[in-house]
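These notes concern the structure reproduced below.
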Amino acid sequence: MLRPRETSTRDRRSLDGLWRFAVDADGRGRDERWWTAPLPDAREIPVPASYNDIFADADVRDHVGDVWYQTSTRVPAGWRGERIVLRFDAATHSAVVWVDGTEVMAHEGGYTPFEADITGLAEPGTEVRITAVVSNVLTWHTIPPGSVVETAGGRRRQQVFQDFFNYAGLHRTVWLYTTPRSYVADITVLTDLDGSTGAVRYDVEVEADGGDAGVSVVLRDAEARPVAQATGAAGELTIADVRRWQPGEGYLYDLAVELRAGDGSTVDAYSLPVGIRTVRVEGTRFLINEEPFYFRGFGKHEDAAVRGKAHENVLMVHDFTLLEWLGANSFRTSHYPYAEEVLDHADRHGIVVIDETAAVGINSGLAAGVFGAEPHPTFSDDTVNAVTQEAHRRAIRELVARDKNHPCVVLWSIANEPESVTPESRAYFEPLTVEARRLDASRPIGFANVMGSTPDVDVLTDLFDVVMLNRYYGWYANPGDLASAEVALEAEITAWAAAHGKPILFTEYGGDTLPGLHDVVPNMWSEEYQVELLAMFHRVFDRVDAVVGEHIWNFADFATAQGVIRVDGNKKGVFTRDRRPKAAAHALRRRWRAGS
Ligand code: BDP
C-alpha cells in the first residue's frame, strides 16, 4: 500500500488540525445518523491526537464505545478529472467513515491505514463533510483482544490484556490525495547483493482506466544520477558498485516509477525510496548484508503526555536523537505498527526496526495475573478463537502491505507474549507463520516469548527464525536478588541455545525505576538498581555467544491503565516520559558507545 506523495501527477492535502468531536456516551449516534448533520454538542479536538487526556475529564478518558469526529473541507478546484482518495493513516481501534451522507469505508485495527476512492462524492471546488465514528472497544475478536465488563458501579469498563493505556482516536494524519484515473496502485521491491553489485527486483501493480499503459522505472542514487532503468511492470535492476543500506548509514536510492500512455506521455508517476540490503539468519547469527548484526536498543511506545499516541515529528526526531546519543542501533515497534513517518525516518537514518503487529495480550495467565482480568482459557470458542485468528491474519497482511518496502524493517514480530505452551497455541499460530512467510519470504519472523515459557514447555519456537525473549529476572522473578537472577538467567539462555541453535534476541528486560530515587545499596525502584540490573543482564549476554541483541524495556516511561503495580504508569524507562535520562541512560551510553 503506497503512502500518499506529491509527484508530477499527484497531489495531497493533510486534513490535520482542529476537528469537531463528540463523545457518544449513550451509544446513540449510529441510530440517530450523526453523520448526516453537524455533530450535536461538538467540541474542538486536535487531529492527530488521542482524545483521552485532552479534556481533563475522567468520563472522556475512561469512555468505552464510540466517539465522533467531523470536519469540512473544500476539494481543490484544480483536482478536476483526478481520482480522489480519502485516507486515514490510523483510527484506533475501528472506524466507519462517511463523506456527507454516504458511507465510504469501515476498518478494524487501530494502527494501520485505510482509504477509499471518493471521486464520485468529492466534486472539485465544493465543500464536503467528513465524519468518522471511532470505537475504542476491544473484544475477543479484535487484535489486540480485550473484553468489556460491567462494573458494580454501573459503568462499562474496557478490560485490556496489555500494559499500556488504551489510547484511542485519530492518532495519525488524515489525507485527501489524488492519483490520475489510471495509476500505480502498488509497488513491491526486493533487494539483493552479490559482492559490489546490487539488485532490485520490482513489481508494479497498475490500475488502468482503459487504454494501454506501460511501466518504466528509473533508479537514481542520492545525487539523483540514474544508475539503472527498465521497462515492464516487473523486472530486475542491476546496480554496479552499489552503495548499501546498512545499520548506521541509511543510504537510499530513489525508484521513479512511471506509467506511460501509448504515445509516451506520462500518465502517473510515483517515487519510492529504496535501500539495498540483505537480511538472513544463519545458525545463531542474524546477518545484515552478510555481516553479523548485534541489536542495541529498546522496546518503545508511541506515548507522550497530553497527546497520548499521536504521531508527532517533534518527539520522533528527539527520540531518534536520543537513540543516537546512546549508541543504540535499533528498536522494536512494541506493541503495534508505528506511524509510517517513523519507519521513513529509520530508513533515512540507518536505524534497524523489528516491526510488530498489535497482537499483544493473547495470554490469559498473564492477563489474570497482572491485569486482574477474569480467569479464562486463552484459546476457546468463547475467547481467542478462529474469528480472532482471522483478524490476526488481516493484521499481519496489513502490516506487510504497508511496510514491506522499508529497508529498516529486518524482522516481523507476529505477537507479543502470547500463550505459547499448549497445542491450541500451536494450532492458532502455525497458519499465521505460514501466512507471514507467504506474504514476505525475504524477512525472518519471530514473536516475543513470555517469561515462564522456557524451552522445555514452549511449543512455538521451531516455527520461527529467531528466539525473542522478554525476561524479568531481578524484577518479577528474584526481585531484589540480582545474584540469584544472574544464575537463573544464564541457565535459561544456555537452555535456549542448546534447544534451538537459533539467534537469541532479548526483546525485553528491565525494572521500574523512580527517577531521583537514589540509594547507596541497589534497592529496587532506585536508579542504582536499574543500572545494576541492566549490567547483570549484559554480563550474561556477553558470556553467551548465541545472544544477538539487547532491547531494554523500555526506552521511556509510559502511561498504563490504573492498577496496584503501576504508579503513574510504567516506570521501566531509561528516560522519563518527558525524555530526561535516568542514571541507566548514562551507563548504557558508556556500554553502547564503547561497542560502536
Ligand atoms: C511485558 C510486556 C510489556 C510490559 C512489561 C512490564 O510485554 O508490555 O510493559 O512486561 O511489565 O510483559 O513492564
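Among helices (runs of 4 or more DSSP H) entirely within the range 346-440, having at least 3 residues that are among the aliphatic types (A, V, I, L, M) and within 16 Å of the ligand (Cβ to nearest atom) singles out 364-371. Checking every residue in the range 161-168 against the condition of being exposed (fewer than 14 other Cβ atoms within 10 Å of the Cβ) and not hydroxyl-bearing (Ser, Thr, Tyr) gives zero matches.
Conditions tested, residue by residue: (1) within 16 Å of the ligand (Cβ to nearest atom); (2) among the small types (Gly, Ala, Ser); (3) surrounded by fewer than 20 Cβ atoms within 10 Å (Cβ to Cβ); (4) farther than 25 Å from SER330 by Cβ.
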{"site": "LEU517", "(1), (2), (3), (4)": "no, no, yes, yes"}
{"site": "PRO522", "(1), (2), (3), (4)": "no, no, yes, yes"}
{"site": "GLN530", "(1), (2), (3), (4)": "yes, no, no, no"}
{"site": "ALA535", "(1), (2), (3), (4)": "no, yes, yes, no"}
{"site": "VAL548", "(1), (2), (3), (4)": "no, no, no, no"}
{"site": "HIS551", "(1), (2), (3), (4)": "yes, no, no, no"}
{"site": "ASN554", "(1), (2), (3), (4)": "yes, no, no, no"}
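Would you check if PRO503 is away from the ligand (no atom under 15 Å from the Cβ), within 28 Å of THR454 (Cβ to Cβ) and modelled with pLDDT under 95? For PRO503, the condition - away from the ligand (no atom under 15 Å from the Cβ), within 28 Å of THR454 (Cβ to Cβ) and modelled with pLDDT under 95 - is not met. Taken as a whole, the structure places GLU508 among residues that are among the acidic types (Asp, Glu), within 16 Å of the ligand (Cβ to nearest atom), modelled with pLDDT of 95 or more and closer than 17 Å to VAL467 by Cβ.
If you go through the range 91-108 one residue at a time, do you hit one that is within 22 Å of the chain's Cα centre (by Cα), closer than 18 Å to ALA401 by Cα and in contact (Cβ under 8 Å) with a residue 40 or more places away in the chain? Yes, some residue in the range 91-108 is within 22 Å of the chain's Cα centre (by Cα), closer than 18 Å to ALA401 by Cα and in contact (Cβ under 8 Å) with a residue 40 or more places away in the chain.
Residues in the range 444-466 that are more than 14 Å from the ligand (Cβ to nearest atom), without any contact (Cβ under 8 Å) to a residue 60 or more places away in the chain and closer than 24 Å to ASP542 by Cβ: THR454, PRO455, THR461.
Being outside the structural domain of VAL242 (by TED's automatic domain parsing), crowded, with 23+ Cβ neighbours inside 10 Å and of a type in the set (Ser, Thr, Tyr) is the requirement here; does TYR202 meet it?
No, not satisfied.
For the range 543-566, a residue qualifies if it is within 17 Å of GLY510 (Cβ to Cβ) and of a type in the set (S, T, N, Q), and the qualifying residues are ASN554, THR560. Restricting attention to the range 488-533, and to residues there that are among the hydrophobic types (A, V, I, L, M, F, W, C) and in a loop (DSSP other than H, G, I, E, B), which single residue is nearest to ARG577 (Cα to Cα)? Top of the filtered list is LEU514.
The residue list THR188, THR178, THR151 contains one member that is β-branched (Val, Ile, Thr) and in contact with a helix residue (DSSP H, G or I) (Cβ under 6 Å, 6 or more places away or on another chain), which is THR178. Kindly check whether there is at least one residue in the range 567-583 that is away from the ligand (no atom under 16 Å from the Cβ) and surrounded by fewer than 16 Cβ atoms within 10 Å (Cβ to Cβ). So far as the range 567-583 goes, yes, one or more of its residues are away from the ligand (no atom under 16 Å from the Cβ) and surrounded by fewer than 16 Cβ atoms within 10 Å (Cβ to Cβ). Of all the numbered requirements in (1) in contact with a Ser or Thr (Cβ under 6 Å, 6 or more places away or on another chain); (2) surrounded by fewer than 17 Cβ atoms within 10 Å (Cβ to Cβ); (3) at pLDDT 95 or above, ASP209 misses one, and that requirement is (3).
The values are calculated or read from the model by the stated rules, or taken from the named source; none is laboratory data. Source: prediction; values computed, not measured. Here Cβ is always computed from backbone atoms with ideal geometry, including for glycine, and neighbour counts include all displayed protein chains.
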